[in-house]
Every structure is written in C-alpha cells, then in structure tokens.
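Below you'll find the structure, written out as structure tokens, and then a few comments.
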Amino acid sequence: MQISFEGKRALVTGAGKGIGRATALALARCGAEVTAVTRTQADLDSLTQECSSVTPVCVDLADWEATEAALQDVGPIHLLVNNAAYANLQPFLEVTPDQFDQSFSVNVKAVLHVSQIVARGMKARGSGGSIVNVSSQASRRALRNYAVYCATKGALDMLTKVMALELGPHQIRVNSVNPTVVMSERGRLTWSDPEKAKVMMDRIPLGRFAEVEDVVNSILFLLSDKSNMTNGVTLPVDGGFLTC
Ligand code: NDP
C-alpha cells in the first residue's frame, strides 16, 4: 500500500526521540512538510541534520503559554500526531502531586491544547484533517507502578473519542494508536530487566514487543486517506495483548 502525503503539512509532538522522531522522518519521506516539536534543542539539531526539510519548534508542552506562543505562526496543518508523553513510574502510595500534574500536563492537557490550535485552523479553512494521538495498552489494562501513566492514557482515549465526535462534522478525523511495549530507546531501558519483560511478553500472543516501525506504520495509515472512514478508534498495536 503506497501512502503519499505530498502537499500536506504535518506537525508531530515529541519528535526528538523514539516514535515521534521516526514518525516525523517517515512523514517527510512520504512527501509531507513536517513541523517537529520537542523540548530538547539538541534533538532538533540532530533531526534537522538528518532531514533538512523539517521545521523545528523547541518548547516544553507542559507550559500552556509557551506552547501558545511557539505555535502561533505554525501555519495550516493537515496532519497532527500528538506523541509527546511523560512516564514516571512509582508505586501508587508514593505518587506525588507534582508527578501527577506533570504527567497530566503533557499526556492529556497538551494534547487538548495543541489539537485545539491545529483543529481551529482546519475548521476555519474547511480543509478537514487527521489527528492521531499516541496512547498505550496502559489505557485499558492496569500495570503495576503505572497508576498515573495508566490514568493519563485512559483519559487520552476518551479525549480521542470526544474529539472525533465534535470534530467529525468538520471532516477532521481523530484516532489513537495504543501500542504494547515499544522498542524505542526508552522502551528498551524501561523493559531491560528480563524478568519484568517476560511477565509482559507472556501476555502478548505474537510473543514479541513492538518495533518503532510497527507503530509508525499504524500512525501513517490512520493519518492517510486509506483510513478515510475510520474515526474515534483506539487501535491496539500490541500483538494481541488486549485480547487476553
Ligand atoms: P521517548 O521518551 O523516546 O520520546 C518522547 C519524546 O517526547 C521525546 O522527544 C521527549 O523529549 C518528548 N517530550 C516529552 N515531554 C515533553 C514536553 N513536556 N514537551 C515537549 N516534548 C516532550 O518516548 P517513546 O518514543 O518511547 O514514546 C512515545 C509515545 O509512545 C508516548 O506517548 C508514549 O506514552 C507512547 N508509548 C510508548 C511505549 C514504549 O514502550 N516506548 C509503549 C506504549 C506507548 P525529551 O527527551 O527532551 O524529554
């Protein structure tokens, strides 16, 4: 299946590393003009070295005002990937208000905010568009020490559905991908303990964790007109984890 994004403008958050970076590069390879948003300038420098057509925006998405300022001149966007997230693991009884607020600021509030900015433009231009939120299997299954992360991803899934409901009449589709463990650098680090990894792997019928490319391919499908009638879904990219 050939996917082309020629003539489209895309914005990817958390594009400095991992899934977001790979998505930004894949979109550019498919012909999109890509704006890459993240908070570490060095990542943007190496990204623009790797792909000079990418437009970098450096901002901490947890900061509402700074985000508003950073994206005010972003121009028309047809494709949005809300990928940036904060994952800080701790036992439920040790969760602090700061960790809770930081997680919800990035994983939920920033998704709402960036989507508002982009969707207002899509609506005003009558151009329609496609938005993909990067959620997780953690939105639907309890994982030990992931109380806040699971809660943010659960909230994100419901945000995805309400956005699909309200933006659909403007031909703006909103979906999410919900991966299992992904072998990004962060994923490898978090799941490097073989015992911890085995417990998770045993629950995945395909018997492996996801590669970054597996997730990117599902994102590209949901962004593209190959999924034109798909709206409001939370698509597992989990090798069957959620079936068990
Ligand atoms: P990474 O940590 O590799 O990359 C996340 C990117 O988001 C980084 O570039 C990071 O920048 C950026 N980011 C984080 N917080 C902010 C912020 N406040 N403002 C701007 N940018 C920010 O993560 P992954 O690629 O592994 O994960 C990407 C997405 O996939 C996330 O939504 C995650 O929840 C989801 N996911 C990941 C899984 C996995 O196993 N890896 C499994 C299921 C879902 P910086 O490094 O500078 O902080």
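Quick notes
- Within the range 93-122, the set of residues being in contact with a helix residue (DSSP H, G or I) (Cβ under 8 Å, 6 or more places away or on another chain) and over 19 Å from Tyr146 (Cα atoms) comprises Ala110, Val111, Leu112, His113, Val114, Ser115, Ile117, Ala119, Met122.
Rundown of residues vs (1) closer than 26 Å to Ala124 by Cβ; (2) over 16 Å from the mean Cα position of the chain (by Cα); (3) surrounded by 17 or more Cβ atoms within 10 Å (Cβ to Cβ), yes/no style:
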| position | (1), (2), (3) |
| --- | --- |
| Ala15 | yes, no, yes |
| Thr23 | yes, no, yes |
| Arg29 | no, yes, no |
| Arg39 | no, no, yes |
| Leu47 | no, yes, yes |
| Cys58 | no, yes, yes |
| Leu61 | yes, no, yes |
| Glu65 | yes, yes, no |
| Phe92 | no, yes, no |
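- Any hit, the range 189-199, residues being within 30 Å of Gly7 (Cβ to Cβ) and surrounded by 16 or more Cβ atoms within 10 Å (Cβ to Cβ): no
- Selection of the range 77-99 for residues being in a loop (DSSP other than H, G, I, E, B), away from the ligand (no atom under 16 Å from the Cβ) and among the aromatic types (Phe, Trp, Tyr) yields an empty set.
- Listed by position, the strands (runs of 3 or more DSSP E) enclosed by the range 1-64 that each have at least 2 residues that are farther than 21 Å from Ser103 by Cα and more than 13 Å from the ligand (Cβ to nearest atom) are 9-13, 33-38.
Let's see how each residue does on (1) among the hydrophobic types (A, V, I, L, M, F, W, C); (2) buried (at least 21 other Cβ atoms within 10 Å of the Cβ); (3) away from the ligand (no atom under 15 Å from the Cβ):
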{"position": "Leu143", "(1), (2), (3)": "yes, no, no"}
{"position": "Tyr146", "(1), (2), (3)": "no, no, no"}
{"position": "Thr152", "(1), (2), (3)": "no, yes, no"}
{"position": "Glu166", "(1), (2), (3)": "no, no, yes"}
{"position": "Arg186", "(1), (2), (3)": "no, no, no"}
{"position": "Ile219", "(1), (2), (3)": "yes, yes, no"}
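Here, each number is a calculation from the coordinates, and none is a lab measurement. What you see is a predicted model, and the numbers here were worked out from it, not measured in a lab. Heads up, the Cβs are rebuilt from the backbone with ideal geometry, glycines too, and the neighbour counts pull from every protein chain shown.
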